[in-house]
Amino acid sequence: ICPTNINFCNALDLTCSGTANTTLDTTPPNLTFISPQEGGVYNERALTLSLSASETSRIEFRDNSIGNSQWRTVCSDCQNHASTRSFKEGENNWLFKVTDESRNSATYEITFYIDTKVPKISLTEPKDGFSSGIFKVKFLEDNPRELIVKYGNSETGIRNKSLNISSECSTSRDTTCETTVDLSDYDEEQINYWFE
């Protein structure tokens, strides 16, 4: 007869048995991430860490980007958890371990991004003078989602063009983009342009 939890005895390679109507819990709990979400990009460092386990469990985590990171407890004997935590700028890769009362455990990995920095435009062309319709921009941004060039004047109107970041831009340290627009409606007129 096992003097403690049967799964614990069996994990020690002891021969244990229970009563005839005893069922063994050998299924690890499931963990659902409510916030942050996998692949999410967030513009603030303090986020609500919100988790839900399928049964009462101990939930721990560690930062995969730190070598030999130690497990830290999120909560013990809980099924749901929500608290505000501060995360580092850039990519965050975290490993969570959830262990139920029968010592069944499973791990879950999540990666998300913190991007609190405003994009910085360092160069635009043309500088002044004649424009053939070719516009260039160089900017610094870790997670660019949308790039728009706006051009024109109050006389003929302001127009805009969305650039395809994957095909009209190249990235090294900075991102450099080039696009061409039809300026024939603005012949002999002065225009202004800017990127957003």
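The values are calculated or read from the model by the stated rules, or taken from the named source; none is laboratory data. These numbers were taken from a predicted model, which means no experiment stands behind them. We place every Cβ from the backbone using ideal geometry, glycine too, and count neighbours over all the protein chains shown. Note: accessible area is taken over every heavy atom of the protein model, side chains too, but ligands, DNA and RNA are not part of it. Shrake-Rupley method; radii C 1.70, N 1.55, O 1.52, S 1.80 Å.
Yes or no: Arg159 under 30 Å from the mean Cα position of the chain (by Cα) and in a strand (DSSP E or B)? Against the criterion (under 30 Å from the mean Cα position of the chain (by Cα) and in a strand (DSSP E or B)), Arg159 does not qualify.
Within segment 68-123, the residues that satisfy the criterion of being surrounded by fewer than 13 Cβ atoms within 10 Å (Cβ to Cβ) and not in a strand (DSSP E or B) are Asn68, Gln70, Trp71, Lys88, Glu89, Thr116, Val118. The C-beta contact set for segment 69-91 (first residue under 23 Å from Asp115 (Cβ atoms), second residue open to solvent by 70 Å² or more (accessible area, probe 1.4 Å) and part of a loop (DSSP other than H, G, I, E, B), distance under 6 angstrom, 6+ apart or interchain) comprises Ser86/Arg45; Phe87/Arg45.
I'd like to know if segment 132-139 contains one or more residues that are under 19 Å from Glu196 (Cβ atoms), among the aliphatic types (A, V, I, L, M) and either in contact with a strand residue (DSSP E or B) (Cβ under 6 Å, 6 or more places away or on another chain) or part of a loop (DSSP other than H, G, I, E, B) (or both). Yes, segment 132-139 has at least one match. Just one of the numbered conditions (1) open to solvent by 70 Å² or more (accessible area, probe 1.4 Å); (2) closer than 21 Å to Pro28 by Cβ; (3) touching an Asp or Glu at 6+ places or on another chain (Cβ under 8 Å) is not true of Arg62: (3). If you scan segment 162-183, which residues turn out to be without any contact (Cβ under 8 Å) to a residue 24 or more places away in the chain and open to solvent by 60 Å² or more (accessible area, probe 1.4 Å)? Those that are without any contact (Cβ under 8 Å) to a residue 24 or more places away in the chain and open to solvent by 60 Å² or more (accessible area, probe 1.4 Å): Ser162, Asn164, Ser166, Ser167, Ser170, Thr171, Ser172.
Scanning segment 143-161 for residues that are of a type in the set (Ser, Thr, Tyr) and out of contact with any Ser or Thr (no Cβ under 9 Å at 6 or more places or on another chain) turns up Ser154, Thr156. With respect to the conditions (1) within 18 Å of Pro126 (Cα to Cα); (2) within 36 Å of the chain's Cα centre (by Cα), Ser166 falls short on a single one, namely (1).
For segment 162-196, give me the residue count where each residue is outside any loop (DSSP other than H, G, I, E, B) and among the acidic types (Asp, Glu). The qualifying residues number 3.
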